[in-house]
Amino acid sequence: MGKLLVNAGIELGQPTYDKPTAEYIISRFAYDQVIGSIHNLRDMPDFCELKYDNYDIYKLLDEYFDEELELARWGKFDTLAHLTYPLRYMVGDQGYTVDLNRYSDIIDEILRALIENGKALEINTSGYRQKIGRTMPDVDIVKRFKDLGGEFITLGSDSHFAEHVGAGIDRGKQLAVDCGFNSVALFQSREPVLIPIE
Ligand SMILES: [Fe+2]
């Protein structure tokens, strides 16, 4: 105790769009933790850059969750980050209402693929300090992951600034407990280490 553990990690955004390069990067360095995520559809800008008045939101989300499923099945990462990423912008920043119930089947498939591959689901707490006001994914999906047999969750503050390091992690821990988890995982040399939630 009283020491700071510093691990080596990488977030691979859209690794499935160029699997050979992603696999090369993973094999090239001795990471502790590899994060998998998707921030944009193929040949499109990041979801943070889209003006949703110009799009059919559900058409984008149909494709997004298909890509998330492919990512989860590919599975060469340790934790799947911010599963509901587009909502940060669609709902949080631009005020659209999104009914995620229409994706419950494919979200189940994504969660099952993570479980089958022994992967973790990230609770991304950045939403607590952003307009969306909740984690990505939110409590319902984290609970569903647990119900389906999910073992590992990671907590991420998604800090792009020093002052955001660790922001919302205590609330995220409480959410994990509320969903039935009694530990969070971190990865060392790509192996899960369970840290009990006190
Ligand atoms: Fe990300």
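When residues of the stretch 32-43 are filtered for being within 16 Å of the ligand (Cβ to nearest atom), in contact with a helix residue (DSSP H, G or I) (Cβ under 9 Å, 6 or more places away or on another chain) and farther than 19 Å from Arg112 by Cβ, how many remain? Before the answer, list the steps.
Looking only at the stretch 32-43, we keep the residues that are within 16 Å of the ligand (Cβ to nearest atom), and these are 33-41.
Adding the requirement that they be in contact with a helix residue (DSSP H, G or I) (Cβ under 9 Å, 6 or more places away or on another chain) leaves 34, 36-41.
Cutting the leftovers down to farther than 19 Å from Arg112 by Cβ gives us 34, 39-41.
Looking only at that region, the number is 4.
Across the stretch 63-98, what is the total count of residues that are open to solvent by less than 70 Å² (accessible area, probe 1.4 Å) and either in a helix (DSSP H, G or I) or away from the ligand (no atom under 16 Å from the Cβ) (or both)? Walk me through it before giving the result.
Let us first name the residues in the stretch 63-98 that are open to solvent by less than 70 Å² (accessible area, probe 1.4 Å), namely 64-65, 67-72, 74-75, 77-92, 94-96, 98.
Subsequent filtering for residues that are either in a helix (DSSP H, G or I) or away from the ligand (no atom under 16 Å from the Cβ) (or both) retains 64-65, 67-72, 74-75, 85-92, 94-96, 98.
Qualifying residue count, the stretch 63-98: 22.
Could you grab me the full set of residues in the stretch 1-55 that are aliphatic (A, V, I, L, M), in a helix (DSSP H, G or I) and either farther than 19 Å from Gln188 by Cα or within 19 Å of the chain's Cα centre (by Cα) (or both)?
Those that are aliphatic (A, V, I, L, M), in a helix (DSSP H, G or I) and either farther than 19 Å from Gln188 by Cα or within 19 Å of the chain's Cα centre (by Cα) (or both): Ala22, Ile26.
Every residue in the stretch 48-62 that is open to solvent by less than 10 Å² (accessible area, probe 1.4 Å) and among the hydroxyl-bearing types (Ser, Thr, Tyr), please.
Tyr52 - this is the single residue of the stretch 48-62 that is open to solvent by less than 10 Å² (accessible area, probe 1.4 Å) and among the hydroxyl-bearing types (Ser, Thr, Tyr).
What's the number of the condition Lys143 fails, among (1) buried (at least 20 other Cβ atoms within 10 Å of the Cβ); (2) assigned to a helix (DSSP H, G or I); (3) within 16 Å of the chain's Cα centre (by Cα)?
(1)
Only one residue in Gly133, Gly150 is more than 15 Å from the chain's Cα centre (by Cα) and touching a residue at least 12 places away in the same chain (Cβ under 8 Å), so which one is that?
It is Gly133.
Look at Gln174 and say whether it is more than 17 Å from Ile57 (Cβ to Cβ), open to solvent by 70 Å² or more (accessible area, probe 1.4 Å) and not small (Gly, Ala, Ser).
yes
Which ones in the stretch 1-22 are away from the ligand (no atom under 16 Å from the Cβ), under 29 Å from Ile195 (Cβ atoms) and of a type outside the set (A, V, I, L, M, F, W, C)?
Answer for the stretch 1-22, where residues must be away from the ligand (no atom under 16 Å from the Cβ), under 29 Å from Ile195 (Cβ atoms) and of a type outside the set (A, V, I, L, M, F, W, C): Gly2, Lys3, Asn7.
Which of the numbered conditions does Asp158 fail, given that it passes all the others? Conditions: (1) assigned to a loop (DSSP other than H, G, I, E, B); (2) open to solvent by less than 90 Å² (accessible area, probe 1.4 Å); (3) over 29 Å from Asp93 (Cα atoms); (4) touching a strand residue (DSSP E or B) at 6+ places or on another chain (Cβ under 9 Å).
(3)
Given the conditions (1) within 23 Å of Ile10 (Cβ to Cβ); (2) open to solvent by less than 10 Å² (accessible area, probe 1.4 Å), report the number of the one that Glu151 does not fulfil.
All conditions pass for Glu151, except number (2).
When residues of the stretch 99-131 are filtered for being in a loop (DSSP other than H, G, I, E, B), open to solvent by 50 Å² or more (accessible area, probe 1.4 Å) and away from the ligand (no atom under 16 Å from the Cβ), how many remain?
Number of matching residues: 3.
The values are calculated or read from the model by the stated rules, or taken from the named source; none is laboratory data. Remember, it's a predicted structure, so these values are computed and weren't measured experimentally. Cβ sites come from the backbone with ideal geometry, for glycine too, and all protein chains shown count toward neighbours. Surface areas here come from the heavy atoms of the whole protein model, side chains and all, with no ligands, DNA or RNA. Shrake-Rupley method; radii C 1.70, N 1.55, O 1.52, S 1.80 Å.
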